[in-house]
Amino acid sequence: MTIAVAVIGAGFAGIGTAIRLKQKGIDDFTIFERGDRVGGTWRDNTYPGAACDIPSRLYSYSFAQNPEWSHTYSASAEILDYIDSMVADHDLARHIRFGREVTGISYDEESGEWTIRFAGRRRPVTARSVVMASGPLANPAMPDIRGRDDFAGHVIHSARWDHDYDFTGKKVAVIGTGASGVQIIPHLVKQAASVKVFQRTPGWVLPKVDLETGEFTKRIYRSIPGAQRLARAGWFWGHESVALGVVWDTPLTRAVEALSRLNLRLQVKDPWMRRQLTPDFSAGCKRLLMTSDYYPALQADNCKLVTWPIARIAPEGVRTVEGIEHQVDCIVYATGFEVSKQGTPFEIVGVDGRVLADEWAGGAYAYRSVNVEGYPNLHVTFGPNSGPGHNSALVYMESQIDYLTDMVVHLEHNGWKALDVRAEVQERYNRDIQKRLASTTWNSGCQSWYLTDDGFNSTMFPGFATQYANQLREVDLRDYRIRVHADAAA
Ligand code: N01
């Protein structure tokens, strides 16, 4: 039997999509999740110190406000609880199938249906619409360092933490000092005998002022929902103004850098260390790092910052190019994720047997980040050029979810076969996006996961969250080709 909507992934995007589908009267959907519980990135990233660097009031859905957030910024366990509570509050458990890893989907023009295939299962599922909610940062990336497999000790990746490994008394190397690395290092320094931090590029660091939410404030949030909306709006506009110093190179960028330098001067006494920790690219080119305990941890007696490039991994540890071998018991890779900027997480075959990964080989693109011409009724959350960079990913996600669920409603209520974005509309949109990206800080010279090796930016949205939300506020059916079933056309 064909279902109305197949949602792939039970992380924030999949759960949010499910809630909005229900609120819009669509109950005939199933969420297929490869893991054994909901939560996506917050299920997978359980490293010590895992927390969100965006305030909780903004890192949550406006249609599922939570008066109980304990702090300004939440730790991963609390975020996971929030996702669980959304599942319970909206009766979503009966819609979720766990252990279903999608291996490929293909579109049949005749029926207007997508076939979804799963690892280890012979029977595929068919659906009229598919929502890709599998997340861009779902698969850990191991760095391409010579000798990596030769290491005789223990290996852990930040996104697949080994909670059984006891760091007490151990010598540890951490490779990677991005958003994950700076959260892990302070915790390891407290536990391990010694920690060597291998830094390739220092990032811009701003202090994270994390306050506990008092019982009185919670009571206000519980009894006056408008107060939560007000707090959310405050954070939202604060982040919108930060965009001026992060998305484009403006005088505000210099102000962000000055603030970060001041933070460095106040927290790090040693001039050599300060030089090593000073970035040489514009603030915002890579993600800003929000932490107040990273610099103090680096200066702990049992911690050492290593800035010589890594030459290779040896059986006993990490060898740097000047010939020193740092012998360790464990290597923690905080080296980020395999980001599908060009490929797709599984094979996606559209009209005329077109394969999306082939079309995206030069860099991914979509219309309004959600739809791709030739792949009707397929909707992507966190798709090409939808990255916030300066605001909450959930604010962007909420816009996508509202937009794509409206499209599903159009399709289902009208009994149409397909909604396929017009090629010329998509082309015009992406020409404009790439033109605007050229003047952003992300394209100003540093290398980050936002760019392909050729410097093509298919991840970030070049503007304010408000602009992004405005473009997704309404589905303009003139942008789409509508196909009807043969019997309806007759
Ligand atoms: O990964 P990253 P991440 N040799 O790719 C280094 C989200 N997130 O997991 O900068 C040596 O940013 C690499 O060095 P360099 C957020 O969107 C959110 O930290 O390339 N080093 C870098 O230091 C974030 O952007 C939260 O020179 C190597 C690090 O590894 C995204 O996840 C929290 C190397 C990788 O940094 C990814 O963050 C955490 C090599 N061969 C994460 N290869 C929130 O709070 C890589 N590196 C919401």
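Laboratory data are not the source of any read-out in this text; all were calculated from the coordinates shown. Note that this is a predicted model, so its numbers are computed, not measured. As a convention, Cβ positions derive from the backbone with ideal geometry for all residues, glycine included, and neighbour counts pool all protein chains shown.
Think of the range 159-236 as a dipole: +1 on every Lys or Arg Cβ, -1 on every Asp or Glu Cβ, centred on the Cα centre; then among Thr168, Gly226, Gln199, Gly226 lies furthest on the positive end. Here is the tail figure for the range 1-96: Cα pairs spaced more than 18 Å apart come to 45 percent of all pairs.
Per residue, the average separation of C-alpha pairs within less than 8 Å and at least 6 apart gives the chain a relative contact order of 19 percent. Reducing the range 183-236 and the range 288-327 to their Cα centroids gives an inter-centroid distance of 25 Å. Annotation: average projected area of the chain is 24.2 square nanometres, based on the convex hull of Cα atoms across all directions.
Evaluate E = 1/(1 + (r/R0)^6) for Thr217 and Lys269, where r is the Cβ-Cβ distance and R0 equals 30 Å; express this FRET efficiency to the nearest 0.05.
Between Thr217 and Lys269 the formula returns 0.25.
From the alpha carbon centroid of the range 1-67 to that of the range 377-395 is 14 Å.
Axis of helix 251-267 versus longest Cα principal axis of the chain: the two differ by about 40°, to the nearest ten degrees.
For Phe236, Phe63, Phe12, what ranking results if the residue with the fewest other Cβ atoms within 10 Å of its Cβ goes first?
Going from sparsest to densest Cβ surroundings: Phe63, Phe236, Phe12.
Radius of gyration (Cα atoms) of the range 83-224, expressed as a multiple of 2.2 N^0.38 Å: 1.56. Within the range 464-483, whose backbone N sits under 11 Å from a point 7 Å along Cα→Cβ of His410? Counting backbone N atoms under 11 Å from the label point, the list is 474-483. For the range 65-215, the relative contact order is 21 percent, taking Cα pairs closer than 8 Å that sit 6 or more residues apart in sequence and dividing their mean separation by the residue count. Is the C-alpha gyration tensor of the range 216-373 telling us rounded, prolate or oblate? Criteria: a/c under 1.5 is rounded; beyond that, a/b larger than b/c is prolate, otherwise oblate. Judged from the Cα gyration tensor, the range 216-373 comes out oblate (a/c at least 1.5, b/c at or above a/b).
When a/c reaches 1.5 or more, the comparison of a/b and b/c decides; with that in mind, is the range 22-149 rounded, prolate or oblate per its Cα gyration tensor? Taking the square roots of the gyration eigenvalues as a ≥ b ≥ c, the range 22-149 is oblate. Listed by Cβ neighbour count within 10 Å, with the fewest neighbours leading, Glu325, Glu78, Glu373 appear as Glu325, Glu78, Glu373. Remark on the range 310-432: Rg and Dmax equal 21.0, 69 Å (Cα only).
Approximating the spin labels as points 7 Å out from Cα along Cα→Cβ, the Thr452-to-Lys24 distance works out to 3.1 nm. Using the Cβ-Cβ distance between Glu427 and Trp237 with R0 = 30 Å, the FRET efficiency computed as 1/(1 + (r/R0)^6) comes to roughly 0.35. Using θ = phi - 60° in the Karplus curve 6.51 cos²θ - 1.76 cosθ + 1.60, the 3J(HN,Hα) couplings for the range 424-435 round to 5, 5, 4, 5, 4, 4, 6, 4, 5, 4, 5, 4 Hz; x is entered for Gly and Pro. Using a 7 Å offset from Cα along Cα-Cβ at Asp164, what residues in the range 134-158 end up with backbone N under 17 Å from the label point? Zone members listed by number: 153-157.
In this structure, the amide hydrogen of Ala51, modeled 1.01 Å from its nitrogen in the peptide plane, lies closer than 5 angstrom to those of Ser76, counting only residues at least 5 positions away or on a different chain.
Please report Met460, Met1 as a ranked list, fewest other C-beta atoms within 10 angstrom at the top and most at the bottom.
By the 10 Å Cβ count, ascending, the order reads Met1, Met460.
Pairs of Lys residues in the chain, spaced 8 or more positions apart or belonging to different chains, with C-alpha separations under 18 angstrom: 11 in total.
Expressed as a whole percent, the proportion of Cα-Cα pairs in the range 142-206 lying more than 18 Å apart is 38%.
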